């Protein structure tokens, strides 16, 4: 094991940036690239420089049956396949190519455009392939709604809020521009009439019909004023790197909205937004592709924790560079942010996930960063940052005693009744994994179960443990991730032994024959697939680490898991993992964090070495006592 750990640590030290951060590719699905092709076409931007690389990327991800999926080895996804197919046509691929014929067969077999998600319909409506009548209405007038009123902007999770706001402009203006190619074949015969109807039923569906009548008012000063107010809201939230929220959906829709409101390509907001794409693009042997997000703060914090576990000295240059960079990344207590709408806290601030995202610090990142700073052993350097981040985190607790990712009490499920609500998570309720990370942070700060924040969090975790002993994972796939996260907190706090034992037993029962653990994204659709899937390095590391923390590091299951990690390590010190083990929106959007395959096995191997050394020291101590 020692050799495997040394190779893993060496790989990490070699891949640190000179500034001190680490980050791996954040791989999602081809819609990120396809939608950028469509965005470029809509804005009239030059596609020549991305053409060959984008084609290579999308065709490289196409499966043998002609489809594209949301995640590695997942089922065919209609909307992803439609967007990739249309983007490839825009880039010049003819419908007679075998790849295109196979894709079209999948599209037709799955029902055609009428069965696609709302976002896909919006992208095709922009070019007249889909009628705007069939897109649910999104009135920009919601910008006037007070926070107590249902469907106000702050009812939406921050990622949905940043997407919905610009879409109110786009959907209400109903623009149509030339696609440059004919894509009518994606509409199945006999479904053309259905395209004009918004799917659904119930009172919200009838309300959409009323809004459609309101949309047809030709002169409407209230709507014009609302669009301008939304425009101001968008511009005020542009980040320093040109993005919105550091993520793709708000970014591309904000550019569409600003363009429709008369902002030319030379306008500073538009220019900064378009130029900012360059940082998120990867163009290599896998083709030209756009990352939905970047994760340097999250990645760096976890790497710093792994290196600390591996015994890296506090004064090691890599550790000092990482700590200094993380300290610079903490968001100023004075920075504006949407979280302030429902909070009057003014005593600190947290960290965001990305390089530049001062408007949206998040609780999960903040908890893990604080843990990494504490574990780096530089208390004299990081004290103020740790206190500020901790104070902010505690202020962001929701009413049920648990923590969500970005906001507190963002739980209005009424949003899911909207005809528009088919694209994933619209709200940001507390979750088991985020709450567990916060409790682990509080334990590292010396708090125990008598602390009211800890006690309330523990009660939430007890309530959310499933009958089989596992916990659901909101931000990682899925029950393996959630169970590891919670056991990490409970073990550190040294409480709730019954909960730990049940969680550990569930993990042991899900071990694969090869000694590893795996779970596919399908477990979000069907919970009977919890903990079932081909073994992966990251999920194996989570499971073994959970057993180690549970006091079962010498259990045969843990030993077999460590052997799996050792045997599957590549000569360069890292691991291969094509599977997606990160979660964006359960059921709708998944992530392959390319650093997960490395950092979590490193943590687990480092923990194994610590346990071995402790056992050896205890054995030597016992021998000395016996000899006396």
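Residues 395, 455, 459, 402: which one is touching a helix residue (DSSP H, G or I) at 6+ places or on another chain (Cβ under 8 Å) and not assigned by TED's automatic domain parsing to the domain that holds residue 247?
On the way: 395 fails: touching a helix residue (DSSP H, G or I) at 6+ places or on another chain (Cβ under 8 Å); 455 fails: touching a helix residue (DSSP H, G or I) at 6+ places or on another chain (Cβ under 8 Å); 459 fails: touching a helix residue (DSSP H, G or I) at 6+ places or on another chain (Cβ under 8 Å).
The match here is 402.
Out of 450, 485, one residue alone is at pLDDT 95 or above and under 19 Å from residue 600 (Cβ atoms). It is 485.
Any residue at all in the stretch 408-424 that is buried (at least 18 other Cβ atoms within 10 Å of the Cβ), within 29 Å of residue 19 (Cβ to Cβ) and in the same structural domain as residue 303 (by TED's automatic domain parsing)? The answer is no, given that none of the residues of the stretch 408-424 is buried (at least 18 other Cβ atoms within 10 Å of the Cβ), within 29 Å of residue 19 (Cβ to Cβ) and in the same structural domain as residue 303 (by TED's automatic domain parsing). When the stretch 467-483 is filtered for residues that are in a loop (DSSP other than H, G, I, E, B) and either touching a residue at least 60 places away in the same chain (Cβ under 8 Å) or farther than 18 Å from residue 429 by Cα (or both), the ones remaining, listed by number, are 467, 468, 469, 470, 473, 474, 475, 477, 478.
Is it the case that residue 131 is at pLDDT 95 or above and under 27 Å from the mean Cα position of the chain (by Cα)? The answer is no for residue 131.
Please specify each residue of the stretch 169-228 satisfying the condition of being farther than 30 Å from residue 85 by Cα, free of Cβ contacts under 8 Å to residues at least 40 places away in the same chain and in a loop (DSSP other than H, G, I, E, B). Matches in the stretch 169-228: 201, 216, 217, 218, 219, 220.
Which is surrounded by fewer than 17 Cβ atoms within 10 Å (Cβ to Cβ) and more than 24 Å from the chain's Cα centre (by Cα), of 314, 279, 342? Going through 314, 279, 342 in turn, the sole match is 314. When 175, 146, 140, 136 are checked against the criterion of being loosely packed, with under 14 Cβ neighbours inside 10 Å and in the same structural domain as residue 252 (by TED's automatic domain parsing), 146 stands alone in meeting it. The lone criterion from (1) out of contact with any strand residue (DSSP E or B) (no Cβ under 9 Å at 6 or more places or on another chain); (2) within 22 Å of residue 436 (Cβ to Cβ); (3) buried (at least 19 other Cβ atoms within 10 Å of the Cβ) left unmet by residue 366 is number (1). Residues in the stretch 36-64 that are in contact with a strand residue (DSSP E or B) (Cβ under 8 Å, 6 or more places away or on another chain) and surrounded by 21 or more Cβ atoms within 10 Å (Cβ to Cβ) were compared, and the one that is farthest from residue 75 (Cα to Cα) is 50.
In contact (Cβ under 8 Å) with a residue 24 or more places away in the chain, surrounded by fewer than 19 Cβ atoms within 10 Å (Cβ to Cβ), out of contact with any helix residue (DSSP H, G or I) (no Cβ under 6 Å at 6 or more places or on another chain) and farther than 17 Å from residue 19 by Cα, is that true of residue 347? When the stated conditions are applied, residue 347 does not pass them. Restricting the stretch 566-582 to residues that are in contact (Cβ under 8 Å) with a residue 60 or more places away in the chain and under 11 Å from residue 598 (Cβ atoms), the residue that is farthest from the chain's Cα centre (by Cα) is 572.
The values are calculated or read from the model by the stated rules, or taken from the named source; none is laboratory data. Worth saying up front: this structure is predicted, and the values here are computed from it rather than measured. Heads up, the Cβs are rebuilt from the backbone with ideal geometry, glycines too, and the neighbour counts pull from every protein chain shown.
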